[in-house]
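Engineer: Below are the structure tokens for one structure; questions will follow.
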Amino acid sequence: MDYLLQDTSNCSVGRTVDIVGRSWVLLILREIVRGVHRFSDIQDHLGVSRSVLADRLEGLVADGVLQRRDYRVDGQRPRSEYRLTRKGWDLYPIFTALRDWGDRYLADPAGPALLVTHAGCGAPVHAVVMCEAGHAVHRGAVEGRLGPSSRLRSVDGLAIRYAEMGGAQR
């Protein structure tokens, strides 16, 4: 099927961007991945406004990417810190891919600001696309097929004409 006939309203990439594509979200998640968990520390390190940070953290908790944990320092009011859930940690390859791309194209002339290595052997860590059988896959070696929730879009009768030609709408 021609990709232009496919309805993208239920696209997994689009749904992911709805969560992580808002301003500050990836940088907030970067802080948490790097071990910065407390609101005030995240705000100080990023320079983001309190209201924006509170809104983004609330959204990430609601989306199940973060969980809020209460803590209390003696003599102070209770506060919250934020930890990645399993769903949040599953975004780690995205951070690795973004860092790889940034290191390749945007790093300072002296090199990247952060070197990420495997604790077991010391080798640099990179993002790799693999199939479920464990083969490294490059961009020319992939194909897309309709998934179980795919459906045709209906713009200017395209979906209707496609269906009339024998295509099925899911």
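Engineer: Tell me which residues, restricted to region 70-87, are surrounded by 12 or more Cβ atoms within 10 Å (Cβ to Cβ) and of a type outside the set (S, T, N, Q).
Structural biologist: Of region 70-87, the ones surrounded by 12 or more Cβ atoms within 10 Å (Cβ to Cβ) are 79-85, 87.
Across region 70-87, the qualifying residues are R79, E81, Y82, R83, L84, K87.
Engineer: Still on this structure, please answer the following. Among the residues of region 92-100, are any surrounded by fewer than 10 Cβ atoms within 10 Å (Cβ to Cβ) and either touching a helix residue (DSSP H, G or I) at 6+ places or on another chain (Cβ under 9 Å) or of a type outside the set (G, A, S) (or both)?
Structural biologist: Going residue by residue through region 92-100, those that are surrounded by fewer than 10 Cβ atoms within 10 Å (Cβ to Cβ) are none.
No.
Engineer: Would you list the helices (runs of 4 or more DSSP H) that sit entirely within region 73-170 and hold 1 or more residues that are within 30 Å of G59 (Cβ to Cβ), at pLDDT 95 or above and touching a Pro at 6+ places or on another chain (Cβ under 9 Å)?
Structural biologist: Passing ranges, in order: 92-105.
Engineer: OK, next. Is there any pair linking a residue in region 42-56 that is free of Cβ contacts under 8 Å to residues at least 60 places away in the same chain and within 17 Å of R83 (Cα to Cα) to one that is of a type in the set (D, E, K, R) and surrounded by fewer than 11 Cβ atoms within 10 Å (Cβ to Cβ), with Cβ under 9 Å and at least six apart or on different chains, and which?
Structural biologist: Pairs found: Q43/R50.
Engineer: Another one. Counting just the residues of region 1-25 that are among the β-branched types (V, I, T) and in contact (Cβ under 8 Å) with a residue 60 or more places away in the chain, which one comes out farthest from F95 (Cα to Cα)?
Structural biologist: Initial filter on region 1-25 (among the β-branched types (V, I, T)): 8, 13, 16-17, 19-20, 25.
Still in the running and in contact (Cβ under 8 Å) with a residue 60 or more places away in the chain: 8, 20.
On the way: T8: 24, V20: 11 Å.
Top of the filtered list is T8.
Engineer: Taking region 1-53 only, how many residues are exposed (fewer than 12 other Cβ atoms within 10 Å of the Cβ) and part of a strand (DSSP E or B)?
Structural biologist: Total meeting the criteria: 0.
Engineer: So, one more: Could you list, in sequence order, all residues of region 65-106 that are among the hydrophobic types (A, V, I, L, M, F, W, C) and farther than 18 Å from R50 by Cα?
Structural biologist: Across region 65-106, the qualifying residues are V65, V73, L84, W89, L91, I94, F95, A97, L98, W101, L106.
Engineer: Related question: What are the pairs, 6+ residues apart or on separate chains, where a residue within region 124-147 that is within 24 Å of T8 (Cα to Cα) has its Cβ under 8 Å from a residue that is among the aromatic types (F, W, Y) and outside any strand (DSSP E or B)?
Structural biologist: These pairs meet every condition: G144/Y3.
The values are calculated or read from the model by the stated rules, or taken from the named source; none is laboratory data. In this text, all values refer to a predicted model and were calculated from it rather than measured experimentally. Virtual Cβ from ideal backbone geometry, glycine too; neighbours counted across all protein chains shown.
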